[in-house]
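First comes the structure, then the notes that go with it.
The values are calculated or read from the model by the stated rules, or taken from the named source; none is laboratory data. The structure presented is a predicted model; accordingly, all values stated were derived computationally and were not measured. Neighbour counts run over all protein chains shown; Cβ positions are idealised from the backbone, glycine included. The accessibility values were calculated without ligands, DNA or RNA, using every heavy atom of the protein model including side chains. Shrake-Rupley method; radii C 1.70, N 1.55, O 1.52, S 1.80 Å.
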Amino acid sequence: MALLNFTSLDFDQIKETLKQYLQSNSNFTDYDFEGSNLSTILDVLAYNTYITSYNANMISNEVFIDSATLRENVVALARNIGYVPRSKKGATATINFTVEPGITPPPTTVTLKKGPVASSNEFGGQSFVFGTTKDITKPVIDGVASFLDVDVKEGTVVDQSFPFSTNNINQRFILSNSGIDLETLEVNVRPSSTSSLLSNYVRQDSLFDAVTGSSINKNSLIYYIQEIEDEQYEIIFGDGIFGKALEDGNIVEVSYILSNGSDGNGISNLSFAGKCTYNRNAIENTITSGISIVTAINPSSGGDEIESIDSVKKYAPQIYATQNRALTANDYEILIPNKIYQETESISVYGGEELVPPQYGKVFISIKPRTGDFVPNAIKENIKRDLRKYSVAGIVPEILDLKYLFLETESKVYYNTSLAPNSLMVSATILNNINKLAASAELNKYGARFKYSKFLKVIDQSHESITSNITTVEMRRDLRLATDQFAEYAIDFGNQFDVRYMDGFNIRSSAFRVLDISNEVYLYDLPNSDARTGSLGLFSLDAPGSTTPLIERQNVGVVNYETGRITLNPINITSGKTKDAQQILEISVCPLSNDVIGLQDLYLQLDTSNVEMVIDEIASGADPSGSTYTVTPSYKTKKLVR
């Protein structure tokens, strides 16, 4: 009788299978398997089979990238398809300081030597060092050398050298540290130990030159990098066909920064810890005085941990699927954060043919960076330049600024007073859970969807005393104004509007001022008979809180309720609401569906959540009949202004 199941991971089942096998053998017909020594032998055999099955199962799992659990195996499988995981990244600080050498005559230049530049006072129980992997030279003007806008990386600068010998056919160039920031890696090759000539090698990840786009040849000064065991890296040089091969006696010199990753973010209190020198009569002299206080322009930012196993599993196959070319929107969404701009937190890409009216031949890209709300213009140009290596000729990329679609919720929460210490504690718990949802990855990305039922569940499950809740949702966009000039405005919500009132005032706005109208005015809408489109107008109030609008001007724009687009005709707005030193106009509207999506370049943001606690008199036992039960409407009550 053959074994029925030799891959089982259940010990008792394996033992029972072995017992059945022996019982079927006529030599063991009269044996008592429970009371004899055979029971102990069966235990040993079952245990051995169990361990063997477990090992076979684990080995099988580690062969495939989807099921592998050890980082070394996941990285090795990703390496087979040309993927290099992101390294740990040191935080960057931009600093200013000046140097007065204090000698006569003053030198023409002052050099900040590579290595440590500044150090922090204890931050979070730890001190951090910021440095650079290259010398920085500045001219001396009026006796002062100004080091302005100097970017320094958090971490320790490390130098390694490798003598190359053709006699060692198995020689490897392994960087013997973990926590390396590959962005700081500098690779130079010296012809011999006595030569002062250095050849700089650049990192490459394909067979085409990253700058010129031409093929790599036998003279290309390039190297490749790959992650190996223990989060270390190995440098691979050319073979004389793809990239220049090393020659006997060459000295490989490597410099890089060992970083603490995200721990180095948020540091602004720095003091000078570097070395400044000047040359006189071919002698390098160290400056020991006249160095000013180091000023950080902004707190350090951009530090990040090494790419996680889950991220490698996700992106390695996707990068391979793009084949290093950007044809579809999905290709752009994969290549930009992984190959071009690794500071990307979230990205949305769509073709111009999806717009109304269509803009053929263009692809629109909206990026949410890890730090800040907008991608600087200089980085936008760098991204567009780097995209040329991957994009198809004739396709023009356009990088758009981040556009927020804010969600505002109001909740009436019913609770049982006999199960709650007080309403303030329950309300605080609800707001805390809402804030956790607002900060989660489910919402903080392009293409996110606000799931109304899940939001209600978050509230209901916040405390045992909560019996139910009635929540209304409103969308808001902040329109940035070009004041004191005629301008046309268009703003998209990406979601269909709820046309609840055919007499208008479905749209609300904050107050603003317009040329030739003395009063503060507000936007209002008036739907057409089909309730698909409508016109916009301006009104004012005779007193704050008034419910009687005074129409100031009609037909100042149009609204498309189905597409969620508001357009204002040329209008001279002189002032609006001040927010972040910018004049804006807040416009809010109720969505037709409470499940709100962030369409195309809209970035969903749960902004404000108001919670009002209501005693559930039925559940509390105060009014079992419900005759005095407080009824809450499920829809927004009509309001004229924000």
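Local charge for Phe364 was computed over the other residues whose Cβ lies under 9 Å away, with Lys and Arg +1 and Asp and Glu -1, and equals -2. Counting only heavy atoms of the protein chains and using a 1.4 Å probe, Lys244 has close to 80 Å² of accessible surface.
Stretch Phe374-Ala543 to full length: gain in nm at 0.36 nm per residue minus the Cα-Cα span?
Working: separation 169, 0.36 × 169 = 60.84 nm, distance 3.89 nm.
Full-extension gain reported as 57.0 nm.
Under the rule a/c < 1.5 gives rounded, and otherwise a/b versus b/c splits prolate from oblate, where does the range 488-559 land using the Cα gyration tensor? Since a/c reaches 1.5 and a/b is larger than b/c, the shape of the range 488-559 is classed as prolate. If R0 is taken as 45 Å, the Cβ-Cβ distance between Ser535 and Asp151 corresponds to a FRET efficiency of 0.30. For the residue pairs Lys314/Lys362; Lys218/Lys380; Lys88/Lys244; Lys313/Lys445; Lys88/Lys389; Lys138/Lys362, the alpha carbons lie more than 31 Å apart in Lys218/Lys380; Lys138/Lys362.
Of the residues Thr548, Thr472, Thr288, the one with the largest accessible area comes first in the ranking Thr288, Thr548, Thr472, computed with a 1.4 Å probe on protein heavy atoms. Give the calculated FRET efficiency between Leu515 and Asp135 to the nearest 0.05, with a Förster radius of 56 Å applied to their Cβ-Cβ distance. The value I calculate is 0.45. Taking all protein chains together and a 1.4 Å probe, the residues Lys384, Lys19 rank Lys384, Lys19 from largest to smallest accessible area. Dividing the mean sequence gap of close Cα pairs (under 8 Å, 6+ apart) by how many residues the chain holds gives a relative contact order of 12 percent.
When the charge dipole of the chain is built from unit charges on Cβ atoms (+1 for Lys and Arg, -1 for Asp and Glu) and taken about the Cα centre, the candidate among Leu405, Tyr315, Ile297 whose Cα reaches farthest toward its positive end is Ile297. Taking a ≥ b ≥ c as the square roots of the eigenvalues of the alpha carbon gyration tensor, the range 191-328 is oblate, as a/c is not under 1.5 and a/b does not beat b/c. Tell me, what % of the accessible area of the range 350-507 is carbon and sulfur with a 1.4 angstrom probe? On the range 350-507, the fraction of accessible area on carbon and sulfur atoms equals 50 percent. Need one number: nm distance between label points at Asn269 and Ile297, each 7 Å from Cα along Cα→Cβ, rounded to one decimal. Calculated label separation equals 2.3 nm.
Ordering Tyr201, Tyr278 by accessible surface, largest first, gives Tyr278, Tyr201; the 1.4 Å probe counts only protein heavy atoms, with every chain in place. The stretch between Ser468 and Ala487, if pulled fully straight at 0.36 nm per residue, gains 2.1 nm over its current Cα-Cα span. For Phe512, neighbours were defined as the other residues whose beta-carbon sits under 13 Å from its Cβ, and their charges (Lys and Arg +1, Asp and Glu -1) total +2. Only helical runs count toward this figure. For the chain, summing -39,500 (n - 2.57) over DSSP H runs of n ≥ 4 and dividing by all residues gives -5500 deg cm²/dmol at 222 nm. The tail of the calculated P(r) for the chain, taken as Cα-Cα distances beyond 45 Å, holds 45 percent of the pairs. With a Förster radius of 22 Å applied to the C-beta separation of Leu198 and Asn279, the computed FRET efficiency comes to 0.75. Antiparallel versus total DSSP beta bridges in the chain: what percent is that, nearest 5? Restricted to the chain, the bridges split so that about 85 percent are antiparallel.
Surface composition of the range 238-333: carbon and sulfur make up 48 percent of the accessible area, probe 1.4 Å.
Cβ under 10 Å from Ser161's Cβ, Ser161 left aside: what net charge do those residues give with Lys, Arg +1 and Asp, Glu -1?
Around Ser161, the charge tally is -1.
Between Asn73, Asn57, Thr40, whose Cα lies farthest towards the positive end of the dipole of the range 15-89 when Lys and Arg beta carbons carry +1 and Asp and Glu beta carbons carry -1, centred on the Cα centre? With unit charges placed on the Cβ atoms, the residue in question is Asn73. Figure legend: label point modelled 7 angstrom from the Cα of Lys639 along Cα→Cβ; residues of the range 576-611 with amide N under 20 Å from it are 576-579, 584-596, 605-611. With protein chains left intact and a 1.4 Å probe, residues in the chain average 51 Å² of accessible area per residue.
Dipole orientation for the chain: of the candidates Ala490, Ala329, Leu419, Ala490 has the Cα lying most toward the positive pole (charges on Cβ; Lys, Arg +1; Asp, Glu -1).
Taking the range 358-389 and a reference point 7 angstrom along Cα→Cβ of Lys314, the backbone N atoms nearer than 16 Å belong to 368-370.
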